[in-house]
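A.B. asks: First the structure, then my questions, so here it is.
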Amino acid sequence: MSNPILAPTVLPAFDLIELSDFTPAIESLIQDAKNVMSSVLENQRYTWANFVAPISEASAQLDYAWALLSQLKSVKDSDDLREVYQDLSSKVTQFSTERSQSKPLFDAYNYVAQHEQGLGEAQAKMLENMLRSFRLNGVALPDSEKRELAELKQSLVSLTNTFSENVLDATQAWTKHIADVQELVGLPDSTLTMLRNKAQKKGFEHGYLLDLELPTYLPVMQLCENRVLRSELYEAYMTRASDQGPYAEKWDNSHVIQSILSQRKRMAHLLGFDSYADLSLETKMAESPNHVLGFLEELVGKCRPLAKQELKVAQAYASESLGIDALEMWDMPYVSERMKHELFNLDQEALRPYFPLPNVMEGLFKVASGLFGISVEVVPDAACVHEDVECYALRQDGKDLAYLFMDLYVREGKRGGAWLASCKKRARTLSGELTLPVGFLVCNFSAPSVDVPSLLTHNEMTTLFHEFGHALHYCLTQVEQPEVSGIAGVPWDAVELPSQFLENWCWQKDILIDMSGHYVSGESLPEALVDNLLNAKAFQAGTHALRQLEFALFDFRLHHEYVEAETDALALLRDVQSELALLPIPGFARFSHGFSHIFAGGYAAGYYSYKWAEVLAADAFSAFLEEGVMSRQAGDRFKREILEVGGAKDVNQMFVAFRGREPKIDALLQQMGTS
């Protein structure tokens with residue numbers, strides 16, 4: 001076809017795509033999929049070849065076009081794009097709901113599952129997931145309730161999109177120009193250079209420009225001596241998209257949150273579940289809400305004593321060494337970094353000059369090559385969505401396995417955070433042609449300047465490894481059924497296993513030294529600094545774990561306990577914080593209003609997944625501690641039993657096949673220093 005979105009190219013033709021292309025392309029693909037479904041339903045006897053495969057291929061084409069638009073919305077937002085996205089998201093959601101509520105389609109899939117002989121493991125798992133999806137989308141409901149469920153889904157798409165846009169707009173609205181560098185004492189030269197460049201780009205001849213993007217926010221909160229400025233920045237960040245703070249009520253998510261919760265609860269009730277948490281767990285490893293809550297409370301019991309002791313030490317240090325007698329929330333990052341520097345002669349910003357992004361990328365690819373036998377190479381002529389983006393091919397034995405667009409720098413119009421998004425999934429077409437995976441890996445690191453490359457802290461390096469772990473899961477799959485290929489079909493509470501697993505290589509001494517290289521002198525990270533970093537690994541581990549458990553318990557309790565017109569999200573958050581937060585939370589703080597993971601992402605009643613998967617990841621890595629950190633034998637086994645299998649098999653079975661036993665919590669507790 002002439003439309004570049006539909007062109008049968010291996011990689012997206014971003015240089016040819018116009019925003020105006022998306023509406024006709026996606027509308028056409030929706031109609032094509034409807035035509036395919038109508039046609040195959042006319043068969044007298046349903047088989048994989050004459051029913052399942054044609055629908056799968058038509059769906060994959062629509063998914064691909066939608067993935068392109070969704071990625072553009074995430075990294076190159078604009079008013080025009082929002083309008084197109086909102087219109088098309090409504091149409092895509094309507095089509096998806098109609099398809100998943102169709103009784104004739106359900107009966108046909110069920111017929112294939114019951115009667116087709118010789119189905120492969122991936123095919124059987126795909127059918128199992130599909131039939132479950134039909135049930136969870138109300139295929140058995142009366143028509144009136146089907147319509148209500150469809151309307152709820154449409155409304156939720158709009159609400160979650162509004163939530164995300166409010167957070168982005170509120171984040172990018174706030175800036176503060178600082179004329180006197182004395183207000184920024186404590187910030188390293190690399191951060192000051194970045195802030196000076198920001199000011200110049202916004203038309204200021206002199207001074208420094210602060211904003212709420214993480215490459216700015218974190219260094220100021222951790223290193224700036226100016227307590228008043230830290231307090232101001234903290235309030236601006238913690239009141240984004242709320243009824244408080246410098247932009248009170250302008251992008252307020254308060255009513256959006258209540259509407260999302262109300263409609264999720266109603267959706268769960270229509271489908272016969274007591275709560276949205278119960279509905280959420282239907283597609284996860286955890287057996288029940290009590291199972292999840294018991295898991296989280298067990299970890300709280302392990303972490304809280306350690307965190308309380310860490311707070312006592314921090315309070316004593318703040319009073320004796322920094323003259324801060326009453327710690328506030330905006331003090332903790334600063335006090336922690338000062339303590340870390342004093343105890344271990346270490347701070348994150350001091351590491352930046354030694355970790356230019358090109359060095360880190362080279363080290364990351366070397367780890368992937370050593371463990372899994374792959375190479376990662378630039379695709380020089382790929383058309384990318386922005387000049388900062390590069391496309392890479394993942395190759396093995398000279399053959400391309402997958403392609404990955406890496407978009408790593410913060411910029412205006414780009415959603416904050418880091419993620420791996422699907423573009424094309426590995427699949428075998430009806431004609432026998434193999435489609436290779438294409439994915440998007442996105443971060444928000446500080447951009448390079450003319451003289452200075454992008455420089456990473458160790459935390460940012462860990463983020464890159466984390467997202468590349470997702471990418472390996474997505475790209476190295478050998479499954480050719482797109483519904484269970486790569487990360488598709490993987491239970492949400494297991495999807496973080498490969499990402500958290502790969503983070504462990506950021507803590508290996510030889511790898512850190514090899515990956516480093518001062519951006520001016522080229523000198524490797526001094527061994528003494530590496531030792532200091534490794535010694536500090538478990539520093540305040542209880543505090544950090546308890547913070548994540550606070551998020552997880554808030555999310556799960558909110559979706560498990562929500563009652564219309566009774567439950568107030570902020571009040572429930574305060575209740576959780578009263579049990580878990582180490583310091584008093586300021587009355588203005590509205591963390592919930594920017595909690596995009598659960599109100600605009602896929603983690604609703606599932607944020608516990610990070611800790612759940614962390615147990616699996618720590619235990620998986622312990623095999624490498626036993627066999628060798630760069631053991632190719634262990635790496636090949638991990639690739640074969642987990643990465644290549646994707647969502648085509650039960651996760652517990654995959655883990656046992658790799659590890660030789662059921663997962664244990666011991667390795668995680670040992671990493672945290674709580675065992």
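The values are calculated or read from the model by the stated rules, or taken from the named source; none is laboratory data. Quick caveat: nothing in here was measured; it's all calculated off a predicted structure. Using ideal geometry, Cβ is built from the backbone for each residue, glycine included, and neighbour counts are taken over all protein chains shown. Accessible surface areas use protein heavy atoms only, side chains included; no ligands, DNA or RNA. Shrake-Rupley method; radii C 1.70, N 1.55, O 1.52, S 1.80 Å.
A.B. asks: Can you say what percent of the DSSP beta bridges in the chain, counting only those with both residues inside, are antiparallel? Round to 5.
C.D. replies: Rounded to the nearest five, the antiparallel share is 80 percent.
A.B. asks: Please find the FRET efficiency linking Glu328 to Asp451, where r is the Cβ-Cβ separation and R0 is fixed at 25 Å, and quote it to the nearest 0.05.
C.D. replies: Numbers: r = 37 Å, r/R0 = 1.49.
Approximately 0.10, to the nearest 0.05.
A.B. asks: Another question, then. Determine one quarter of the surface area of the Cα convex hull of region 140-220, which equals its mean projected area, and express it in nm² to one decimal. Let's see the in-between values first.
C.D. replies: Details: hull surface 30.8 nm².
Answer in nm², one decimal: 7.7.
A.B. asks: Further question: By average Cβ neighbour count within 10 Å, what is the ranking of 228-234, 482-488 from highest down?
C.D. replies: For the peptides 228-234, 482-488, the packing ranking is 482-488, 228-234.
A.B. asks: Can you give the extra length, in nm with one decimal, that the chain gains between Gln396 and Val563 once fully stretched, where that is 0.36 nm per residue apart less the Cα-Cα distance?
C.D. replies: Gain on extension, Gln396 to Val563, equals 54.8 nm.
A.B. asks: Using the Karplus curve 6.51 cos²θ - 1.76 cosθ + 1.60 with θ = phi - 60°, what ³J(HN,Hα) values do you get for each residue of region 218-232, in whole Hz, with x for Gly and Pro?
C.D. replies: 5, x, 5, 5, 8, 10, 6, 6, 6, 5, 5, 5, 4, 4, 5
A.B. asks: Which percent of the Cα-Cα distances in region 221-299 go past 20 Å?
C.D. replies: Considering region 221-299, 60 percent of its Cα-Cα pairs are separated by more than 20 Å.
A.B. asks: Can you give me the Cα centroid spacing of region 280-341 and region 580-629 in angstrom?
C.D. replies: After rounding, the separation between the Cα centres reads 12 Å.
A.B. asks: Pull out a ≥ b ≥ c, the square roots of the eigenvalues of the alpha-carbon gyration tensor of region 228-354, then state rounded if a/c is under 1.5, prolate if not and a/b is larger than b/c, and oblate in the remaining case.
C.D. replies: oblate
A.B. asks: Roughly how compact is region 587-670, stated as its Cα Rg over 2.2 N^0.38 Å to two decimals? Don't jump to the answer; show the numbers that get you there.
C.D. replies: Values: Rg = 16.5 Å, N = 84, 2.2 N^0.38 = 11.8 Å.
Normalised Cα radius of gyration, region 587-670: 1.39.
A.B. asks: Something else now. Order these peptides, 408-419, 584-595, by their mean beta-carbon neighbour count within 10 angstrom, highest first.
C.D. replies: Ranked by mean Cβ neighbours within 10 Å, highest first: 584-595, 408-419.
A.B. asks: OK, next. Accessible area per residue for region 154-268 in Å², computed with a 1.4 Å probe and the full protein assembly in place, what is it?
C.D. replies: Value for region 154-268: 42 Å² per residue.
A.B. asks: Using the Cα centre of the chain as the reference point, and only Cβ charges (+1 on K/R, -1 on D/E), how large is the resulting charge dipole? Debye, rounded to the nearest 20.
C.D. replies: Dipole magnitude for the chain comes out near 940 debye.
A.B. asks: May I ask you to derive the relative contact order of the chain, considering only C-alpha pairs under 8 Å and at least 6 residues apart, and to give it as an integer percent?
C.D. replies: 16 percent
A.B. asks: Ignoring any ligand, DNA or RNA, what whole percent of the accessible area of region 404-454 comes from carbon and sulfur when the probe is 1.4 angstrom? Can you show the working numbers first?
C.D. replies: Details: 960 of 1910 Å².
In region 404-454, the share of accessible area belonging to carbon and sulfur is 50 percent.
A.B. asks: Put a dot 7 Å past each Cα toward the Cβ at Leu430 and Glu297; how far apart are the dots in nm?
C.D. replies: The modelled label-to-label distance comes out at 5.4 nm.
A.B. asks: Sticking with this structure for a sec: Spelling out what I want: for every residue of region 46-55, take phi, set θ = phi - 60°, compute 6.51 cos²θ - 1.76 cosθ + 1.60 (Karplus), and round to whole Hz; glycine and proline get x.
C.D. replies: 7, 9, 4, 6, 9, 10, 5, 4, x, 5
A.B. asks: I would also like to ask the following. So how do 460-469, 496-505 stack up, highest first, on mean other-Cβ count within 10 Å?
C.D. replies: Packing proxy ranking, top to bottom: 496-505, 460-469.
A.B. asks: Multiply the residue separation of Arg227 and Asn43 by 0.36 nm, subtract the distance between their alpha-carbon atoms, and state the gained length in nm to one decimal. Mind showing how you got there, number by number?
C.D. replies: On the way: separation 184, 0.36 × 184 = 66.24 nm, distance 7.17 nm.
The Arg227-Asn43 span can extend by a further 59.1 nm.
A.B. asks: Here is a further query. Taking the Cα-to-Cβ direction at Gln670 and at Ala173 and moving 7 Å from each Cα, how far apart do the two end points lie in nm?
C.D. replies: For the pair Gln670/Ala173, the computed spacing is 5.0 nm.
A.B. asks: Moving on. Just to confirm, what accessible area per residue do you get for region 452-504 at 1.4 Å probe, in whole Å²?
C.D. replies: Ligands and nucleic acids excluded, the result is 18 Å² per residue.
A.B. asks: Counting DSSP beta bridges in region 393-509, what percent are antiparallel, to the nearest 5?
C.D. replies: On the way: 11 of 17 bridges.
Roughly 65 percent of the DSSP beta bridges within region 393-509 come out antiparallel.
A.B. asks: Choose one of Val615, Ala545, Ala236: the residue whose Cα lies farthest towards the positive end of the charge dipole of the chain (beta-carbon charges +1 Lys, Arg; -1 Asp, Glu; about the Cα centre).
C.D. replies: Highest projection toward the positive end goes to Val615.
A.B. asks: Now for a separate question. May I ask you to derive the FRET efficiency for Ala657 and Tyr111 from their Cβ-Cβ distance with R0 = 45 Å, giving the value to the nearest 0.05?
C.D. replies: With a Förster radius of 45 Å, E is 0.90.
A.B. asks: Ignoring ligands, DNA and RNA, how do Tyr610, Tyr474 rank by accessible area with a 1.4 Å probe, largest first?
C.D. replies: Sorted descending by solvent-accessible area, the residues read Tyr610, Tyr474.
A.B. asks: Which one, Cys443, Ile178, Leu212, is farthest towards the positive end of the dipole of the chain when Lys and Arg carry +1 and Asp and Glu -1 on their Cβ?
C.D. replies: Cys443
A.B. asks: Tell me the per residue accessible area of region 519-633 using a 1.4 Å probe; a whole number in Å² is fine.
C.D. replies: 38 Å²
A.B. asks: What do you reckon, how do Ser275, Ser39 stack up by accessible area (1.4 Å probe), largest on top? Can you show the working numbers first?
C.D. replies: Values: Ser275 0, Ser39 65 Å².
Ranked list, largest accessible area first: Ser39, Ser275.
A.B. asks: Looking only at region 351-383, which residues have a backbone nitrogen under 17 Å from a spot 7 Å from the Cα of Gln633 in the C-beta direction?
C.D. replies: Once the point is set 7 Å along Cα→Cβ of Gln633, 371-373 turn out to lie under 17 Å by backbone N, inside region 351-383.
A.B. asks: Now a separate question. Express the relative contact order of region 114-258 as a whole percentage, based on alpha carbon pairs under 8 Å and six or more residues apart in sequence.
C.D. replies: It rounds to 21 percent for region 114-258.
A.B. asks: Looking only at Cα atoms, what is the convex hull volume of region 478-581 per residue, in Å³?
C.D. replies: 194 Å³
A.B. asks: Now a separate question. Could you work out what % of the accessible surface of region 103-164 is carbon and sulfur, using a 1.4 angstrom probe and leaving DNA, RNA and ligands out of the count?
C.D. replies: 49 percent
A.B. asks: Turning to a different aspect of this structure: For region 416-438 and region 367-391, compute the distance between their C-alpha centroids and round to whole Å.
C.D. replies: 15 Å
A.B. asks: Compute and list, largest first, the equivalent-ellipsoid semi-axes of the chain from the alpha carbon gyration tensor, each √(5λ) rounded to a whole angstrom.
C.D. replies: Ellipsoid half-lengths, sorted descending, are 40, 29, 27 Å.
A.B. asks: Please list 3J(HN,Hα) in residue order for region 193-207, calculated via the Karplus relation 6.51 cos²θ - 1.76 cosθ + 1.60 where θ = phi - 60°; whole Hz, with x for glycine and proline.
C.D. replies: Coupling constants for region 193-207: 4, 4, 5, 5, 5, 4, 4, 5, 5, 9, x, 7, 6, 9, x Hz.
A.B. asks: Work out the FRET efficiency for Asn3 and Lys537 from their Cβ-Cβ distance, taking R0 = 51 Å, and round it to the nearest 0.05.
C.D. replies: 0.50
A.B. asks: If one computes the Cα centroid of region 1-79 and of region 522-577, what distance in Å separates the two points?
C.D. replies: Comparing the Cα centres of region 1-79 and region 522-577, I get a distance of 39 Å.
A.B. asks: Can you pull the percent of region 470-531's accessible area that's carbon plus sulfur, 1.4 Å probe, other chains left in place? Present the calculation step by step, with values, prior to reporting the outcome.
C.D. replies: Numbers: 960 of 1930 Å².
Reported share for carbon and sulfur atoms: 50 percent.
A.B. asks: Please work out how much length the chain gains when fully extended from Gln478 to Lys103, using 0.36 nm per residue of separation minus the C-alpha to C-alpha distance, in nm with one decimal.
C.D. replies: 131.8 nm
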